[in-house]
Amino acid sequence: MVSRVVAVLLMLLSIASAFVVQPPPSLRSLSVAAPPTTSTQLEMTRHGKRFKTLSKPADQRKALLRALTTEVIRHGRIKTTLVRARAVRKHVDHMIELGKRGDLHARRQAMAWIYDKQLVHSLFEAAPDRYEDTNGGYCRVLRTVARQGDNAKMAILELV
């Protein structure tokens with residue numbers, strides 16, 4: 001009885017193997033990669049966007065840019081990520097342009113952006129003399145080694 005069952009199973013196996021398509025000998029040793037899994041999260045393309053969002057909501061992004069601008073003007077040099085340095089460079093250049101202009105409206109605009117009132121006064125005293133021959137490009141972004149913890153690209157943002 002057992003031999004009949006084994007014989008029937010062998011016969012079914014040989015019939016089933018006739019329908020299996022074998023790859024050519026040149027491809028038998030290659031492993032087949034699993035099909036890519038589809039993500040359930042939608043990824044949208046940022047068409048026509050003019051600035052980096054820095055992965056933050058608008059209010060947090062504005063506060064970050066204001067704080068970094070204040071610290072660059074106060075210390076002359078800061079170390080931050082490359083993307084943040086490139087984003088804040090525009091605002092630092094704008095504050096120095098306002099300091100070069102020196103009128104009341106420019107002073108009020110700078111006070112609205114920079115957190116420290118005394119820093120605004122010192123900027124408006126020093127900027128016209130320091131940058132009188134320069135038309136733009138008051139900041140320099142120097143790339144440095146990546147941050148150890150998360151391998152983020154780092155940079156030094158300094159005043160020229």
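The values are calculated or read from the model by the stated rules, or taken from the named source; none is laboratory data. The model shown is predicted, which means the values in this text are computed figures rather than measured ones. Note that we place each Cβ from the backbone using ideal geometry, even for glycine, and neighbour counts take in every protein chain shown. Heavy atoms of the whole protein, side chains included, go into the accessibility calculation; ligands, DNA and RNA do not. Shrake-Rupley method; radii C 1.70, N 1.55, O 1.52, S 1.80 Å.
Per the helix-only calculation at 222 nm, which mean residue ellipticity applies to the chain, given -39500 (n - 2.57) for every DSSP H run of n ≥ 4 and division by its residues, nearest 500 deg cm²/dmol?
Details: 5 runs with 78 residues, N = 160.
Taking each H run of at least 4 residues, the total per residue is -16000 deg cm²/dmol.
Dividing the convex hull volume of the Cα atoms of the range 75-114 by its residue count, what figure in Å³ per residue is obtained? If you can, show how the numbers build up before the last one.
Values: hull volume 2.8 nm³, N = 40.
Per-residue hull volume (Cα only) is 69 Å³.
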Percent carbon-and-sulfur accessible area, the chain, ignoring ligands, DNA and RNA, probe 1.4 Å: 57 percent
Label point distance in nm, residue 143-residue 8, each placed 7 Å from Cα along Cα→Cβ: 7.2 nm
Over 18 Å (Cα to Cα) - which of 49/153; 62/90; 79/153 fall in this group: 49/153
Built amide H within the under 5 Å cut-off of residue 152, gap 5+: 147
Computed E for residue 108/residue 64 - FRET, C-beta separation, R0 25 angstrom, nearest 0.05: 0.65
Within the range 57-100: backbone nitrogen closer than 19 Å to the residue 133 label point (7 Å, Cα to C-beta): 97, 100
Burial ranking of peptide ranges 95-102, 108-115 (average Cβ count within 10 Å, highest at the top): 95-102, 108-115
Solvent-accessible area per residue for the chain (1.4 angstrom probe, square angstrom): 76 Å²
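Please list the three semi-axes, largest first and in whole Å, of the ellipsoid equivalent to the range 120-160, using sqrt of 5 times the eigenvalues of its alpha carbon gyration tensor.
Values: eigenvalues 191, 28, 6 Å².
Taking √(5λ) for each eigenvalue gives 31, 12, 5 Å, largest first.
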Amide H within-cut-off set for residue 139, under 5 Å, with H built and near neighbours excluded: 160
Equivalent ellipsoid semi-axes, the chain, via Cα gyration tensor eigenvalues times 5, rooted, Å: 68, 17, 14
The range 36-113: mean projected area of Cα convex hull, nm²: 7.6 nm²
Segments 56-64, 150-158 sorted - mean Cβ within 10 Å per residue, highest first: 150-158, 56-64
Relative contact order (percent, whole number), the chain, Cα cutoff 8 Å, 6+ residue spacing: 23 percent
Per-peptide average of other Cβ atoms within 10 Å, ordering 125-134, 2-11 highest first: 125-134, 2-11
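Nearest 5 is fine: what % of DSSP beta bridges in the chain come out antiparallel, could you say?
Working: 10 of 10 bridges.
Of the beta bridges lying entirely in the chain, close to 100 percent run antiparallel.
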